[in-house]
1. Taking the condition of being open to solvent by less than 20 Å² (accessible area, probe 1.4 Å), at pLDDT below 95 and in a helix (DSSP H, G or I), how many residues in region 149-174 meet it?
2. Could you look through region 68-85, keep only residues that are open to solvent by less than 30 Å² (accessible area, probe 1.4 Å) and not in a loop (DSSP other than H, G, I, E, B), and pick out the one that is farthest from G145 (Cα to Cα)?
3. Scanning region 129-143 for residues that are among the aliphatic types (A, V, I, L, M) and under 19 Å from D164 (Cα atoms), which turns out surrounded by the fewest Cβ atoms within 10 Å (Cβ to Cβ)?
4. Residue by residue through region 8-27, note down the ones that are open to solvent by 60 Å² or more (accessible area, probe 1.4 Å) and touching a residue at least 12 places away in the same chain (Cβ under 8 Å).
5. Tally the residues that are open to solvent by 30 Å² or more (accessible area, probe 1.4 Å) and touching a strand residue (DSSP E or B) at 6+ places or on another chain (Cβ under 7 Å), restricting the search to region 204-236.
6. With a cut-off of at least 2 residues that are under 21 Å from L193 (Cα atoms) and out of contact with any Gly (no Cβ under 9 Å at 6 or more places or on another chain), name the strands (runs of 3 or more DSSP E) lying wholly within region 9-67.
7. Regarding region 195-207, can at least one residue be identified that is touching a Pro at 6+ places or on another chain (Cβ under 9 Å) and either outside any helix (DSSP H, G or I) or over 21 Å from Y140 (Cβ atoms) (or both)?
8. Please tell me if S137 is touching a Phe, Trp or Tyr at 6+ places or on another chain (Cβ under 9 Å) and of a type in the set (S, T, N, Q).
Amino acid sequence: MKQNKKTTVKVKDLCKNYDDIQASNNLNFEACQGDIIALLGPNGAGKSTLMNMIAGYLAPSSGSIEILGKDIAQFPLFAKENIGFLPEGSPLYADLSVYRFLRYMAELRGLKKDAVIKAAEIANINNVLQQKVETLSKGYQRRVGFAQSILSNPPILLLDEPTDGLDPNQKDYIRGLIRQMAQDKTIIISTHLLEEAEMVCNRIFVLDGGVIKAQGTLKEILNLTSCNNIAEAFRKLTRQEN
């Protein structure tokens, strides 16, 4: 079925170096419409670095990234127009109300206020639109960041720890929303929650030391590692058991 879906993200020979540290080392993969990809790995594995390069916030040391068939180095604005990004930590304007923050972000994208209303409804934050961001709980701030990422209804979503700080009910809601939205999008999630990768994603990439140690469906990874579950496979593929 996947072969009938168009390729939306193509990463080729991608590297990112910080002096002597190689944060990303020769990464290669393609993502298609309908994919929900989990990036798993210990701290420092290179998950956030990869997402920041795809989003255009970090320039690769070498290699290339294509978004909808166009190299982001040559067409950076096109790439940003087609990507929604929820970075780690939900950077927000604390002194603005939720509505004013989302309205401002929408105006930067040339969007009308209808986009704010729709995104707020999808993220289930209508009840806090008039509150200042700084008064919100961590979970609500994360949901405001999620709403910001979907304002333009982009075909590609990059979500760094999308359920961080959410209570169990909120986690279930956002996970269900991600599954629903993936019908016509490509969604790449960085997460430390192994059960989230198993429950939500149809492809899993295990990273360690800037290298993709394994990629595929859960079944493919378990077969590759001869493991019974994702936790066991994770330990086997990363430094924790080396």
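1. Count: 1.
2. Among them, the one singled out is A79.
3. Among them, the one singled out is L136.
4. Once the filter is applied, which keeps residues that are open to solvent by 60 Å² or more (accessible area, probe 1.4 Å) and touching a residue at least 12 places away in the same chain (Cβ under 8 Å), region 8-27 yields K10, K12, D13, N17, Q22, N26.
5. Summing the residues that are open to solvent by 30 Å² or more (accessible area, probe 1.4 Å) and touching a strand residue (DSSP E or B) at 6+ places or on another chain (Cβ under 7 Å) in region 204-236 gives 7.
6. 36-40
7. Within region 195-207, one or more residues are touching a Pro at 6+ places or on another chain (Cβ under 9 Å) and either outside any helix (DSSP H, G or I) or over 21 Å from Y140 (Cβ atoms) (or both).
8. Taking the combined requirement at face value, the residue does not satisfy it.
The values are calculated or read from the model by the stated rules, or taken from the named source; none is laboratory data. Note that the structure is predicted; figures quoted are calculated from it, not measured. As a convention, Cβ positions derive from the backbone with ideal geometry for all residues, glycine included, and neighbour counts pool all protein chains shown. Side chains are part of the model used for accessible areas, which takes the heavy atoms of the whole protein and leaves out ligands, DNA and RNA. Shrake-Rupley method; radii C 1.70, N 1.55, O 1.52, S 1.80 Å.
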